[in-house]
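Student: One structure, pasted below without further comment.
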């Protein structure tokens, strides 16, 4: 009797395979970009430039991870850039006030978490669409950051405040015969290490924990997840808290690099973060996305910026090119997914 | 039968009204793994109401999609007004005069009636919509239907019945010569149905050919001239309605006796009550419902559309708010405020619409099976891949899920196998009472048999099985007892072996009710 049943359509490749292909395509794009830029500029493929790229990309990558979390649930977080600024400013003000630097930095990260919690509660309790809730938070956080600082940079910070953003691990410097320092290995900047560690942790959270599985199931079919006993509200709030925390981390890293609290930093960064996630194969419809994809996406953007800079392409032209890349990658992805 | 005879008499006065207008010959349509249409034929004549009968999944909708250009036939031919045609899109067939009114209405709620009728065909003055002319034209079509709807009304302010009238007005505005109606009465009240039938009679008199798809065989006698029966994608016969009885149609639709359709039951009901509901009222369409479920039995829930079967199950499961009443599992009161509570207590609800509410189509077989009980495969806070894979493989083997791998995305499975994945999900949760809402809807005939066997097997293992179904043959063939619902209340509970289709229908339609 099960005769008809047994003929399952095998022809369509599974989404898993598609996800791998997507990642592979993005990775191939990354490699192609690197080859192209190393041919056009000798300074591109050097250790110090690679470290620079990683450092420049770390901010987008960090908030990109946050964006991935919420987009997987079929949501969005538009407040990333503003929360980043508020978190950084809070940390800077705390340090300026005399709070020990490590604690001040934690205050910054926690500020991000609180903003994320607010987003999550507005979305689940007031039942507002994530777009609206986080659009509101985008303005609120930016407004608070500007208000508490009087729109002026928070400066005069202790020098340790700059450690996280400016120093590196395994930096090797020797002295030349003439007495000038020579950088043998620029070392791994702390922001890059932080990005790598958080990416691995978040990838494990997504892939290996029930919470991560629940994020995917909500994005894939929220009602099915609810009827399966997934606590939708808790999980969603969790996603936005994580997103806020990532913005907080990005905020302290960025402000530490500048050794000032800049309330106007990070404008429109959320769009870079969303772009990184989308280039990396995360679907805005929810249910699909990986951290590794987002990191690759962030590096594609970072390398494009760096390489184009080296080739003397103006920042306006860069914007045009990156815009076209976003449209192009997602279009290719759609073509592949079409039946 | 008098209405139909009257209509015949009127029609005889008009010349050449019986000429064939739309014909399908030897149409074959294949989907991956399924022969959806196998050498189907259909001929529609001007001024006739032609019923298309068949079970769910028999191929009625597929045939209509082929005729209206939404699907292309693999073999065979469609002729319209004696010309072979091949419509590429629905718009092409509409332009030619073939209009389909879908069961789920295709109207834009936030636009007015006139805007809906002329959507994408708005009359214009220069670059702008000529609103006055649009509303005046729309009103002409509405008035022809003798319905009290204003062209400037917003569609969302209209009842479902009135929205249906708007769809018909839209069809008229397209100069439809062939009108296809898919289950037009399923959401209508008696008086609304009368009104609809008057309109259908009028249209027929004007020479419109009407293809009428309905499961409500009883009401066919009031409007239908001829019947075509299809079964499992194949053509059975076409006959004048006056020459056949409803029983003939049912026999032709089913094509085999009940014994062959359903497996022999292994499970036997005992006296041990495992689950009981007392005076349950829910926020939605569930009033004072009481019933019990015994070990080893399959309990049926039946009733017409909107009778409250699904709402009752959802209230028990905590998916919809519950107002009052008690739910007892193995004699113990359980409090259920949300699906989480119900699942913890051991109750599972397998929703009516698998794709909408039951499965995460983008996720894999493995991930769907463990979704409701992921904690069972978690070690030290992390998902244990080996344990999860083992659990999934065990389900696949036990339920006979045909899938190339447990990492296959569920979207790529057939309907029957998708249903088994949902069942697997709840068995992995070790649920003790399972509510199956229309478990065989939209799955292949062969796969249905496998699902029935599975239900019987579960009951035999001591799991409480409640089967919600609107298919009376399924009630009679599979259940031990049946609870009949009418307008949110239980109107009767019967031993299946001591009742019949007619009695169940009387209680389902509210003609009779049991005092409880």
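Bear in mind that the values in this text are calculations on the coordinates, not laboratory data. This is a predicted model, so every value here is computed, not measured. Here Cβ is always computed from backbone atoms with ideal geometry, including for glycine, and neighbour counts include all displayed protein chains.
Student: Run the numbers for residue B:88 and residue B:154: contour at 0.36 nm per residue of separation, minus the present Cα-Cα distance, in nm.
Tutor: Result for the pair: 20.6 nm of gain on full extension.
Student: Normalised radius of gyration for region A:174-214, please: alpha carbon Rg relative to 2.2 N^0.38 Å, two decimal places. Intermediate results must be reported in sequence, preceding the final value.
Tutor: Working: Rg = 19.3 Å, N = 41, 2.2 N^0.38 = 9.0 Å.
So the Cα radius of gyration is 2.13 times the expected 2.2 N^0.38 Å.
Student: Evaluated at 37 °C with a viscosity of 0.692 mPa s, what Stokes-Einstein diffusion coefficient in µm²/s does the protein assembly as shown have when Rh comes from the Kirkwood expression over alpha-carbon pairs? Walk me through the intermediate numbers first.
Tutor: Values: Rh = 31.1 Å.
So the translational diffusion coefficient is about 106 µm²/s.
Student: Taking N as the number of residues in region B:269-376, what value does Rg over Cα atoms divided by 2.2 N^0.38 Å take? Walk me through the intermediate numbers first.
Tutor: Values: Rg = 14.8 Å, N = 108, 2.2 N^0.38 = 13.0 Å.
Output field value: 1.14.
Student: While we're here: Mind pulling the angle between the C-alpha long axis of helix A:210-220 and the longest principal axis of chain A? Nearest 10 degrees, somewhere in 0 to 90.
Tutor: Taking Cα atoms only, the helix is inclined about 60 degrees.
Student: Enter the Cα centre distance for the pair region B:282-351 and region B:138-198, rounded to the nearest angstrom.
Tutor: For region B:282-351 versus region B:138-198, the Cα centre distance is 37 Å.
Student: Across every pair of different alpha-carbon atoms, what Kirkwood hydrodynamic radius in Å does region B:358-430 reach?
Tutor: On the way: mean 1/r = 0.0844 Å⁻¹.
11.8 Å is the Kirkwood radius here.
Student: Let me make sure I get this right: for region A:196-316, a, b and c are the square roots of the gyration tensor eigenvalues over alpha carbons, sorted descending. Under 1.5 in a/c it's rounded, otherwise prolate if a/b > b/c, else oblate. Which is it?
Tutor: Values: a/c = 2.47, a/b = 1.77, b/c = 1.40.
In terms of gyration-tensor shape, prolate.
Student: Subtract the Cα-Cα distance of residue B:127 and residue B:245 from 0.36 nm times their separation in residues, and report this length gain in nm to one decimal.
Tutor: Details: separation 118, 0.36 × 118 = 42.48 nm, distance 5.67 nm.
Extra length available between residue B:127 and residue B:245 comes to 36.8 nm.
Student: Then there's this: If packing is taken as the average number of other Cβ atoms within 10 Å across a peptide's residues, how do B:148-160, B:129-141 rank, most packed first?
Tutor: Details: B:148-160: 15.2, B:129-141: 16.8.
The densest-packed peptide leads the list: B:129-141, B:148-160.
Student: Give me the base-10 log of I(q)/I(0) for region B:100-178 at each q in 0.12, 0.15 Å⁻¹, Debye formula, one uniform scatterer per Cα, rounded to two decimals.
Tutor: Log10 of I(q)/I(0), two decimals: -0.29, -0.46.
Student: Let me ask another. According to the square roots a ≥ b ≥ c of the eigenvalues of the Cα gyration tensor, what is the shape class of region B:414-468, taking rounded for a/c under 1.5, prolate for a/b larger than b/c otherwise, and oblate for the remainder?
Tutor: prolate
Student: What value, in deg cm²/dmol to 500, does the helix sum -39500 (n - 2.57) over DSSP H runs of n ≥ 4 give at 222 nm once divided by the residues of chain B? Provide the component values of the computation, followed by the final result.
Tutor: On the way: 18 runs with 174 residues, N = 516.
So the helix-based figure for chain B works out to -10000 deg cm²/dmol.
Student: I've got another one for you. Divide by every residue of chain A the summed helix terms, -39500 (n - 2.57) for each DSSP H run of at least 4, and state the resulting mean residue ellipticity at 222 nm, rounded to the nearest 500 deg cm²/dmol. Walk me through the intermediate numbers first.
Tutor: On the way: 14 runs with 239 residues, N = 339.
Only helices count here, giving -23500 deg cm²/dmol.
Student: Among A:284, B:42, which comes first, then next, by fewest other beta-carbon atoms within 10 Å? Intermediate values should be presented prior to the final figure.
Tutor: Numbers: A:284 15, B:42 21.
Taking fewest neighbouring Cβ atoms as first place, the list is A:284, B:42.
Student: Provide the FRET efficiency to the nearest 0.05 for the residue B:376-residue B:324 pair, computing r from the beta carbons and using R0 = 30 Å.
Tutor: On the way: r = 34 Å, r/R0 = 1.13.
The value I calculate is 0.30.
Student: Take every DSSP beta bridge whose two residues both sit in region B:366-492, then give the antiparallel share in percent to the nearest 5. Intermediate results must be reported in sequence, preceding the final value.
Tutor: Values: 5 of 10 bridges.
Restricted to region B:366-492, the bridges split so that about 50 percent are antiparallel.
Student: Using Cα pairs under 8 angstrom and six or more residues apart, how large is the relative contact order of chain B, in percent? Please list the in-between numbers first.
Tutor: Numbers: 1018 pairs, mean separation 73.5, N = 516.
With pairs under 8 Å counted, the relative contact order is 14 percent.
Student: Is chain A rounded, prolate or oblate when judged by the Cα gyration tensor, a ≥ b ≥ c being the square roots of its eigenvalues, rounded requiring a/c under 1.5 and prolate requiring a/b larger than b/c? Before the final figure, lay out each step's value.
Tutor: Working: a/c = 2.06, a/b = 1.26, b/c = 1.63.
Oblate shape, in that a/c is at least 1.5 and b/c is the bigger or equal ratio.
Student: Mind checking the mean number of beta-carbon atoms from other chains within 10 Å of the Cβ atoms in B:381-387? Working shown, then result.
Tutor: On the way: counts 6, 7, 7, 1, 2, 0, 0.
Rounded to a whole number, the mean comes out at 3.
Student: Rounded to whole Å and sorted largest first, what semi-axes of the equivalent ellipsoid does the C-alpha gyration tensor of chain B yield via the square root of 5 times each eigenvalue?
Tutor: On the way: eigenvalues 370, 134, 124 Å².
After scaling each eigenvalue by five and taking roots: 43, 26, 25 Å.
Student: Considering the convex hull of the alpha carbon atoms of region B:19-146, report its projected area averaged over all viewing directions, in nm², one decimal.
Tutor: Details: hull surface 42.1 nm².
Here the figure is 10.5 nm², rounded to one decimal.
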